[in-house]
Amino acid sequence: MAKDTPITAKSDSTGDDGRLVRLYDHFRREWQIYLMLLPTIIWFIVFLYKPMYGLQIAFKDYSIFKGVANSPWVGWEHFQTLFSNDSFIRAVKNTITISFYNLLFGFPAPIILALMFNEILHASYKRTAQTIVYLPHFISSVIIAGIVITAFSPTVGVINAVMGWFGLDSIYFLTQPDWFRPIFVGTGIWQEAGFGSIVFLAAIAGVNPSLYESAVVDGANRWQMMWKITIPSILPTILIMLIIRIGNVMEVSFELVILLYQPATYETADVVNTWVYRQGLQSGQYDLAAAAGLFNAFVAFVLVMTANTLSRRYSRTSLW
Amino acid sequence: MQRWNLYSQGDKFFAIVVSILIGMFTVATLYPFIYIAAVSFSSGFAAQAGKVVLTPIDATLEAYGYIISDPKFWISYRNTFIYTIGGTIMSLLFIIPGAYALSRPQLKGRRFFNLFIAFTMWFNAGLIPFFLNMRDLNLLDSMFGIILAFAVNAFNIILLRNFFEAIPQSFEEAARMDGANDFQVLWKVFVPLSKPAIATITLFCIVSRWNGFFWAMVLLQSEDKIPLQVFLRHTIATLSDDDEFAIVQTAAGFSAETVTAAIIVCSIIPVLIVYPFIQKYFEKGILLGGVKE
Amino acid sequence: MSGVNLSGIVKAYGALQVVHGIDLDVQEKEFVVLVGPSGCGKSTTLRMIAGLEEITSGDLIIDGRRINRVAPKDRDVAMVFQNYALYPHLNVADNMAFGLRIRRMPKAEIKTTIDDVAEILGLTPYLDRRPADLSGGQRQRVAMGRAIVRHPKVFLFDEPLSNLDAKLRTQMRAEIKRLHNRLGVTSIYVTHDQVEAMTLADRIVVMNDGNIEQVGTPMELFNNPANTFVASFLGSPPMNQMKGTMTATGATVGDAEILIDGASAANAGRDVIVGIRPEHVTLTAQGPSSALPISLDLVEPLGSEALLHARHGDNAMVFKADTNGDISHLSGVGEVHVPSHLVKLFDAETGQALTLGA
């Protein structure tokens, strides 16, 4: 295999390969991994970074004909418009409010579920229950919305049917602003609590069994063990998941909002992303909508970075 | 069960209460599916009278008869399969080599590239610039555009990269000394060793493609390109307001609601069929990608 | 001529240099063992020879050809890894055939090669099994088989026995030695275990802190360690080392004087380290020797011999003594006799061995 010996007289005789030679060798030897990486990098540039460049229309009077680069700059005008727009302010408030309810009711649900699963001894019962409660996570939001719309319908819906048994008047839930948030948050819990419990179950599985054994010897009951051993042991996981949730406050699952809201419920249901969707994609006010999106993305970025910094303090590695 | 016999009275009581609560939550999770199936098999009349609670009333297959005679249903069903299979293959073609490259310690600029990819999880340009970009790329109303533009995401790459990084370095080194190049190391060693992780990612891709709705709705105009989810959305949004449909339905034994329910059932069935096979993977999978650098 | 020649080999990670320019000549068919404590650079050196680490500077020559910049696959070397790196998804035969297939060897030829090597290693009945279904020793053999099938010019072993239990390690050690005798392929073997080094090596290379401390046959190193590091690294228990001062006839250690062959007035007064192998002392005077009074701490019976843990002044030391089936006579030992021709001297500051009479 002598032909594989590189013919580079100088470096081979001096015995000390220079930096450039070693760099050349590196690429000659490892070019394949760069080739493998290339499509992914190009993809990220074309589909995720190029739109970031396009974000400049938030500061421009965007015209489809002039394109992103040639539209004239308008500075902060769009942002001034946004913050004097009641419906946008309302969307920001709704986003935060819905996230807050999601946190308040949606966050503890998977933890409680995991703690309960941990108490079940019958293996196949536990397995079956887990299989079922994980399922809704894999169902599309259109289907979820379809089910909710059907179930809460004033005529067809089972909810109103059951209310009828107790002599209650039927309610057209999805047109009532007061009902939107409970339905939305409840649907979220129904869909995600089971799947969310996986992380906590894994944390519980990681608790040293000898802690429980010594507690048994000390005469503790299961309830006490849950409070004195399980919960303190999974507290770091709980904390990290909480930080992630707080970091994602701006991320209300707007697909489901779009599917469930209607003009009658905008006052409680409209979030920033649905507002952007209507203003931008439906009404064609791209620049203003992009400004709203940028505001949302910026706040989200700050929150996520803060959350990541916080989580570094609680776990040895960062979240990502 | 050995442990059960060692439980005190109080612990037994506690365990029973918890089992009952879990049972109730499980039933509550399952109930909407049973309910929607019951609606789909009920007559339109019974459904609209609000009689359906648990089992079909005036059981009929009329709603299913209506949708299977609608060519748009079949086209959208076919499209969903195209998006799911094509999209998943496309995703794996990007993700597997990309994650492998990012997992190699010898990759120069590895920190930069990892940050380059992870950054997109923290900051996103948003709906409008993404949409305008798709328009500039001439990918509006394009099936290929849908398949390509959602092929990669940072989370899946990082998940697989983490898995690859956990493979002992000596596997790669041994293969290299045996004369394997990177493509051979990846294909003959890493891919077979990473079956669980790749299965997990395949699963995530399949699920997100099968369920994908928002961008398909925004980007696709042609009726012959829309996937099942968008078709379902159109059905829910339009059927109840459609006068022509209202006339037809009174004659037949179905209603907008039973038709919607039937489409929902048809769209869930493939998920239910695949679900048991994938379950063993995703539990491990989400932990792989989760809290780990 | 399948020799391996290293000259001035340096490995640096950025500013941190971990191998400081080592020179080594491995002859064809020789079995050379690199031994040293963890972090001494022995594995890095081996990996540079394998081509798994880039060489920062220096020349690596195999068979007269400089291969610093040649890819591992083209170096014609094979390596046995510490964790064996057997592919769990392939059976034994496919594991061994992996490299041959990559190199596009014809199928029939692969089969005969695999069968031959499996025969040599006693793996024939296990060819269809997956690594997970094999014992530790069998996996070890497969790992070697994978190296052997390629008929490389050089075998590299990276601590191949460290994952085995003590009994199996002894057995596999002998097997590696027999295999080497049979195949006669140049081998470079890395270990931190001095017993493995002593038993396997034609020549041992003792490394420490990225430098070679000494190169030589096992007995050369045992008998004439070049410095205190080698003296304490090879031999079990290690050589006793005590501070002392030269006299005209030997050296004083504590309040005793130990006679040393070749001592002269010329060296008197020099500070030295006196080295005495545990197995060199006797309980009664035999030939020219000097008595070293000790206070006995502990007697550890090993069977045919026993270890005596003792002190002389501030110096703690260990000696070996024959038991002859009984240790009761050892409990009262108050002095040992040190043969004057077996005492080693090292410079007190540099730790380098001193030769007297020159």
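No value in this document is a laboratory result; all are computed from the given coordinates. What you see is a predicted model; the values in this text were computed from it and never measured. FYI the Cβ positions are ideal-geometry reconstructions off the backbone, even for glycines, and counts take in every protein chain you see.
For the protein assembly as shown, the convex hull spanned by the alpha carbon atoms encloses 257 Å³ per residue. Amide H contacts for C:S290 (H built 1.01 Å from N in the peptide plane; partners 5 or more residues away or on another chain; cut-off under 5 Å): C:L259, C:V338, C:S340.
Amide H contacts for C:L345 (H built 1.01 Å from N in the peptide plane; partners 5 or more residues away or on another chain; cut-off under 5 Å): C:G275, C:L354. Computed about the Cα centre, the dipole magnitude for the protein assembly as shown is approximately 1220 debye when only Lys and Arg (+1) and Asp and Glu (-1) carry charge, each at its Cβ.
One quarter of the convex hull surface, Cα atoms only: what value does that give for segment C:304-358 in nm²? Walk me through the numbers on the way to the answer.
Numbers: hull surface 22.1 nm².
Directional mean of the projected Cα hull area for segment C:304-358 stands at 5.5 nm².
Please list, ordered by chain and number, the residues whose modelled amide H lies under 5 Å from the amide H of C:N68; skip anything fewer than 5 residues away on the same chain. Sorted by chain and number, the residues that satisfy this are C:L60. FRET efficiency for the pair B:I269 and B:D141, taken as 1/(1 + (r/R0)^6) with r the Cβ-Cβ distance and R0 = 25 Å, rounds to 0.30.
In this model, which of C:K42/C:K153; A:K126/B:K195; C:K111/C:K177; C:K11/C:K320; C:K42/C:K177; B:K280/C:K107 are farther than 31 Å apart at the alpha-carbon? Walk me through the numbers before you get to the answer.
Values: C:K42/C:K153 20 Å; A:K126/B:K195 26 Å; C:K111/C:K177 26 Å; C:K11/C:K320 41 Å; C:K42/C:K177 20 Å; B:K280/C:K107 38 Å.
Violating the 31 Å limit, Cα to Cα: C:K11/C:K320; B:K280/C:K107.
Taking every Cα-Cα distance in chain A and sorting them into 20 Å bins from zero, the calculated P(r) comes out as 22, 42, 27, 9, 1 percent.
Considering Cα pairs under 8 angstrom that are at least six residues apart, work out the relative contact order of chain A and quote it in whole percent. Kindly include the intermediate steps, with their values, before the conclusion.
On the way: 295 pairs, mean separation 76.6, N = 320.
Rounded, it is 24 percent for chain A.
Across segment C:122-267, counting alpha-carbon atoms alone, Rg and Dmax equal 21.1, 73 Å.
Just to be sure I understand: if I project the alpha-carbon convex hull of segment B:77-219 onto a plane and average over all orientations, what area do I get in nm²? Walk me through the numbers on the way to the answer.
Working: hull surface 38.1 nm².
Computed as one quarter of the Cα hull surface, the answer is 9.5 nm².
Two decimals is fine: what is log10 I(q)/I(0) at q = 0.13, 0.14 Å⁻¹ for segment C:206-357, from a Debye sum with one equal scatterer on every Cα and no solvent? Relative scattering, expressed as log10 I(q)/I(0), comes to -0.59, -0.68. Counts of other chain beta carbons within 10 angstrom of each beta carbon in peptide B:165-172 average 3.
Which value results for Rg/Rh of chain C when Rg is the Cα radius of gyration and Rh the Kirkwood radius based on the inverse mean 1/r? Write out the running numbers ahead of the final one.
Numbers: Rg = 24.3 Å, Rh = 22.8 Å.
Ratio value, two decimals: 1.06.
Listing A:F254, B:F116, C:F233 from fewest to most neighbouring C-beta atoms within 10 Å gives B:F116, A:F254, C:F233.
Given the -39500 (n - 2.57) contribution per DSSP H run of 4+ residues, what per-residue ellipticity at 222 nm results for the protein assembly as shown, rounded to the nearest 500 deg cm²/dmol? Before the final figure, lay out each step's value.
Numbers: 41 runs with 507 residues, N = 971.
Computed ellipticity for the protein assembly as shown at 222 nm equals -16500 deg cm²/dmol.
Annotation: for a label point projected 7 angstrom from Cα along Cα→Cβ of C:D128, no residues of segment B:190-213 have a backbone N closer than 12 Å.
In debye to the nearest 20, how big a dipole does segment B:129-234 give about its Cα centre with +1 on each Lys and Arg Cβ and -1 on each Asp and Glu Cβ?
Values: 8 positive and 9 negative charges, 51 e Å.
Roughly 240 debye, rounded to the nearest 20.
For a Förster distance of 35 Å, can you work out the FRET efficiency between the beta-carbons of A:Y34 and A:N248, rounded to the nearest 0.05?
On the way: r = 34 Å, r/R0 = 0.97.
Here the calculated transfer efficiency is 0.55.
The Rg/Rh ratio of segment A:247-296, with both radii computed over alpha carbons and Rh defined as the Kirkwood radius, is 0.97.
Full extension from C:R104 to C:K243: what is 0.36 nm times the residue separation minus their Cα-Cα distance, to one decimal in nm? Could you put the intermediate results ahead of the total?
Details: separation 139, 0.36 × 139 = 50.04 nm, distance 6.29 nm.
Separation in residues times 0.36 nm, less the Cα-Cα distance, equals 43.7 nm.
Based on every Cα atom in segment A:164-320, Rg and the maximum pairwise Cα distance Dmax equal 21.8, 69 Å.
Place a +1 charge on the Cβ of each Lys and Arg in chain A and a -1 charge on the Cβ of each Asp and Glu, then give the dipole magnitude about the Cα centre in debye, rounded to the nearest 20. Present the calculation step by step, with values, prior to reporting the outcome.
Working: 21 positive and 20 negative charges, 117 e Å.
Magnitude of the dipole: close to 560 debye.
For segment B:107-137, the set of trypsin sites (Lys or Arg not before Pro) satisfying both a DSSP loop assignment and a count of at most 15 other C-beta atoms within 10 Å is given as B:K108.
From the square roots a ≥ b ≥ c of the eigenvalues of the alpha-carbon gyration tensor of chain B, which class results: rounded (a/c under 1.5), prolate (a/b over b/c), or oblate?
Oblate.
Residues of segment A:32-61 with amide nitrogen under 20 Å from the 7 Å Cα-to-Cβ point of A:Q282? In segment A:32-61, the label zone of A:Q282 (backbone N under 20 Å from the point 7 Å along Cα→Cβ) covers no residue. Inter-label distance, A:Y24 to C:H89: 3.8 nm, where each label sits 7 Å from its Cα along the C-beta direction. Site pair A:K93 and C:D74 shows an inter-label distance of 7.2 nm when each label is modelled 7 Å from Cα along Cα→Cβ.
Computed 3J(HN,Hα) for segment B:61-78, one whole-Hz value per residue from the Karplus formula 6.51 cos²θ - 1.76 cosθ + 1.60 where θ = phi - 60°, is 10, 4, 4, 5, x, 5, 6, 6, 8, 8, x, 4, 4, 5, 4, 5, 5, 4, glycine and proline marked x.
What number, in percent, do you get for the relative contact order of chain B if the mean sequence gap of Cα pairs under 8 Å and at least 6 apart is divided by its residue count?
On the way: 291 pairs, mean separation 90.9, N = 293.
For chain B, the relative contact order is 31 percent.
Placing a pseudo-label 7 Å from each Cα along the Cα-to-Cβ vector at A:Q176 and A:V302 gives an inter-label distance of 3.7 nm. For chain C, averaging the sequence separation of C-alpha pairs within contact (under 8 Å, six or more residues apart) and dividing by the residue count gives a relative contact order of 15 percent.
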